[in-house]
Structures are given as C-alpha cells and as structure tokens.
Amino acid sequence: MNLIDRIEAGELKKERSPVRVGDTVRAHIRIVEGEKERVQVFEGVVIRLHGGGARESITIRKVSFGVGVERIFPLNSPRLEKVEIIRHAKVRQAKLYFLRELRGKAARLKELKPKLDPTKKKKTRKKAARKKA
Amino acid sequence: MDALIGKKVGMTQVFSKEGNCIPVTVVQVEKCVPLLRRTQDRDGYDAILVGYGTRKSKHTNKPEQGFYDKVKAEPARLLAEFRDQGVTDEEMGKPLKVDIFSEGDSVSVVGTSKGKGFAGVFKRWGFGGAPASHGHHEIYRGGGSIGMHTYPGRVFRGKKMPGHMGSKKVFVKNLKVVRVDTENNVLLIKGAVPGASGGIVRIVKS
C-alpha cells in the first residue's frame, strides 16, 4: 500500500454507500447555521460517480421548479450523513449528462428490478450438488 | 531546528473537523540528518549542514567518503544548509522528526518547478495573442513588436520573449501544516507545493 493510499484509508467512512449511477437517492446533508445544526435532504438522480477511495464523489441532479439543479457530494464527507437509495435504474452510460438536455417525461429512467440474490443462488446449487453425490 | 528536507509524494484531500474538504500535499521526510555545524568564527556564518536520503557507497567517490567518515555518517543523497538553526550537540547526527512542526504552523516550501521546455510567450508570460479574425493570419500566438525604432535601436533588457520555462527554484510562502504524522514521518501541507511528485523540497517554518 503506498503512502497516499494509507492516508486516504484514514479518511474513508466505515462503509461505502452502495450507490450507483442512475440511482434515485436522497442525500442527507448536515448543515451548520451559526450555532444550530440541521439535516437537509437533497433528492435526485445520480448522474456521475467521480474519483475513487477517499476522494470519491457523486453528482446528484434534480429539477426544482423547472430549473435543473446539480450538487456534488464527496461520499466520505462527514457532513454527508447518509445516502438513501430509493430506486435503481437501467442505465447504459457511466455518466448521464444526456439528462441535462431532456425535460419532463423524456428525462425518465427505466427502473431496474432487484435481481435474485446471487449469494443465495450459489447455496442452492451447492445443495443440489450435494444431493446428487 | 525548524527546517527540513522532504520528498513530495503527491496530493490528496482530507476532511477537517468541521467537515471541510482540504486539498493537501503529502511530504515524506525519509532521512534528514544534521551533520555539521557552520560557525561564525570558522565559516563567517551560522548554519547547519543537513544530509538527506541515502546513497550507495559505490556511488560515493573518495573525497565525499572522506567527508562522511569525518562527520561519522552514512553517505547522503544530497547535502543542504539551513541558516541560523538552534541544534544541540545531542541532536547532531540523529534523523530529524516531523514533530518539529505542529498542526496549524505556517511554513515556506522551496522546490524545483516542473520543466516546461522551450515555451512561447502565451505560456511563459501570459500574453494574449493576436485576434483570430479581422484580417489577421499566421501570427495568432506571436509576441508582437519587441521594440521601437532607430531610437533606442536595441531591444530592452528583460523583454519578455519565448524561451526555457520551468525547472527553476520556486519559493512558496505561508502554507499551512494540516497534519503531522510522526509514525510515517509525513507532513500534510495545505495546497500545492512546487515540483513534480518525487521531487525534493525544503520546508522552513515561517
């Protein structure tokens, strides 16, 4: 492990949010106003994953009152409380910049239904093999 | 002692307690040893001679080896001096630790900038160039006129012209120390530091 990786390892959160490009998410951001602290929610589509390790960030896009709004969140920022995934979508690009040109119904993404758990599948296969033997 | 020689490892980012993202340069101090004292009486000035890094003995010639034998040290990759440093006799010959700096300290960093080769006036001096249209052709990146006429009949000294750029000593003042890692002998310094990754930098408290 090189030195920079070692330094970045200390900056990582315990668990990386399983967020993917195309997900509709709710980002909970801690905001400090003077003395008070509150949590703000930013809901939209993840159009980009950027960087890796401690520098990883996501760009979330939403349309607010007809105006497109994009915010970038460093995934390991202590201000980002959690990223709640609402739904996955079928996407064929790594960066969804094409959404910026689309409005309304055209800007929808097809929902991706969760597949069968691959870990469970393996178990059943093993059991079947054991039965054969 | 409030100065060090280190190696620029690269850049990354860390988060502050408030959650702000801080860009940092990682500087590793591998082996930095005060070897010799320059004194007012003998040399005309006070300074500490420091050896940085290691060098194989087969790459050290006899006069150099003689010097290292005299100060009872292993051959170093390079030698440098720091003026007016308070170093006790006990500290001489022992590798310096990064804990001479602490978080929030202001430091100056000296490094050798990346070489840019033979650069034109756009890159080297930030000239604006000529218009792209309105009858202009073939001189878009040129520097324009370099002088007047029969009087003064010469080009002034220091005229900004194309030439070699970079690979020069660059001094950056007032960079903040973000973190001191004594375990790995590593400093995290806020912002950029001159030179390429792997380059040698001097760090002085300012």
Inset, instruction - Could you please state how large a percent of the accessible area of chain B is carbon and sulfur, counting protein chains only and using a 1.4 Å probe? - result: 51
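Using the Kirkwood radius over Cα pairs, work out the Stokes-Einstein diffusion coefficient for segment B:120-166 at 4 °C and 1.567 mPa s, in µm²/s as a whole number.
Working: Rh = 12.2 Å.
Translational diffusion coefficient: 106 µm²/s.
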Legend entry - Per-residue ³J(HN,Hα) for segment A:11-28, Karplus 6.51 cos²θ - 1.76 cosθ + 1.60, θ = phi - 60°, Hz, x for Gly and Pro: 8, 5, 6, 4, 10, 7, 4, x, 5, 10, 5, x, 5, 8, 10, 10, 8, 9
Legend entry - Loop GluC sites (Glu not before Pro), segment A:34-66 (other Cβ atoms within 10 Å of the site Cβ: 10 or fewer; DSSP): A:E35
Inset, instruction - Return the long-range amide H neighbours of B:V24 (sequence gap of 5 or more, or a different chain), with a cut-off of under 5 Å between placed amide H atoms. - result: B:T12, B:Q13, B:V14, B:G191
Inset, instruction - For A:K82, list long-range residues whose amide hydrogen, built 1.01 Å from N in the peptide plane, is under 5 Å from its own amide hydrogen. - result: A:H28
Legend entry - Solvent-accessible area of B:M165 with every protein chain in place, 1.4 Å probe, in Å² to the nearest 10: 40
Legend entry - Selection from B:L187, B:A80, B:G135 lying farthest towards where the dipole of chain B points positive, charges on Cβ: B:G135
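Determine the sum of side-chain charges near A:I4: Lys and Arg each +1, Asp and Glu each -1, restricted to other residues whose C-beta is under 14 angstrom from that of A:I4.
On the way: positive: A:R6, A:R55, B:K7, B:K8, B:R179; negative: A:D5, A:E8, A:E11, B:D181.
Once positives and negatives cancel, what remains is +1.
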Legend entry - Solvent-accessible area lost in complex, 10 Å² minimum, residues of segment A:1-15 relative to chain alone, 1.4 Å: A:L3, A:I4, A:R6, A:I7, A:E8, A:E11
Inset, instruction - Could you tell me which of the pairs B:K70/B:K116; A:K90/B:K190; B:K31/B:K160; A:K13/B:K94; B:K97/B:K173; B:K58/B:K97 are separated by over 31 angstrom between their Cα atoms in the structure shown? - result: B:K70/B:K116; A:K90/B:K190; B:K31/B:K160; A:K13/B:K94
Inset, instruction - Taking a cut-off of 16 Å between Cα atoms, list the aspartates and glutamates near B:K72, but don't count ones fewer than 8 places away on the same chain. - result: B:E64, B:D89, B:E90, B:E91
Inset, instruction - Skip the ligands, DNA and RNA, and give the accessible area per residue of segment B:58-201 with a 1.4 Å probe, whole Å². - result: 69
Legend entry - Value at 222 nm in deg cm²/dmol, rounded to 500, when DSSP H runs of n ≥ 4 in the protein assembly as shown each add -39,500 (n - 2.57): -3000 deg cm²/dmol
Legend entry - Amide H contacts of B:V50 (H built 1.01 Å from N, under 5 Å, at least 5 apart or other chain): B:L35, B:A80, B:E81, B:F82
Legend entry - the protein assembly as shown - charge dipole about Cα centre, Lys and Arg +1 at Cβ, Asp and Glu -1, debye rounded to 20: 2940
Legend entry - Debye, to nearest 20: dipole size of chain B, +1 on Lys, Arg Cβ, -1 on Asp, Glu Cβ: 1080
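As a test of the definition: which semi-axes, in Å, follow for the protein assembly as shown when you take the square root of five times each eigenvalue of its alpha carbon gyration tensor? Largest first, please.
50, 36, 21
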Inset, instruction - Check each of the trypsin sites (Lys or Arg not before Pro) in segment A:5-90 and keep only those in coil by DSSP with at most 14 other C-beta atoms within 10 angstrom; list them in order. - result: A:K13, A:K14, A:R16, A:K90
Inset, instruction - Read phi for every residue in segment A:35-44 and hand back ³J(HN,Hα) as whole Hz from Karplus 6.51 cos²θ - 1.76 cosθ + 1.60, θ = phi - 60°, with x for Gly and Pro. - result: 8, 7, 10, 9, 10, 10, 10, 10, 10, x
Inset, instruction - Enter the mean number of other protein chain beta carbons within 10 Å of the beta carbon of each residue in B:186-192, as an integer. - result: 1
Inset, instruction - Treating the angle as unsigned and between 0 and 90°, give the value, to the nearest 10°, between the Cα long axis of helix A:118-132 and the longest Cα principal axis of chain A. - result: 0
Inset, instruction - Would you compute the Debye intensity of chain A from its alpha-carbon atoms alone, equal scatterers and no solvent, and pass along log10 I(q)/I(0) at q = 0.17, 0.21, 0.22 Å⁻¹ to two decimals? - result: -0.98, -1.23, -1.30
Inset, instruction - Return, for the Cα atoms of chain B, the radius of gyration and Dmax in Å, separated by a comma. - result: 22.9, 74
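The values are calculated or read from the model by the stated rules, or taken from the named source; none is laboratory data. Since the model is a prediction, treat every value here as computed from it, not as a measurement. Neighbour counts are summed over all protein chains in view; Cβ atoms, including those assigned to glycine, are modelled from backbone coordinates with ideal geometry. Note: areas computed on protein heavy atoms with side chains; ligands, DNA, RNA excluded. Shrake-Rupley method; radii C 1.70, N 1.55, O 1.52, S 1.80 Å.
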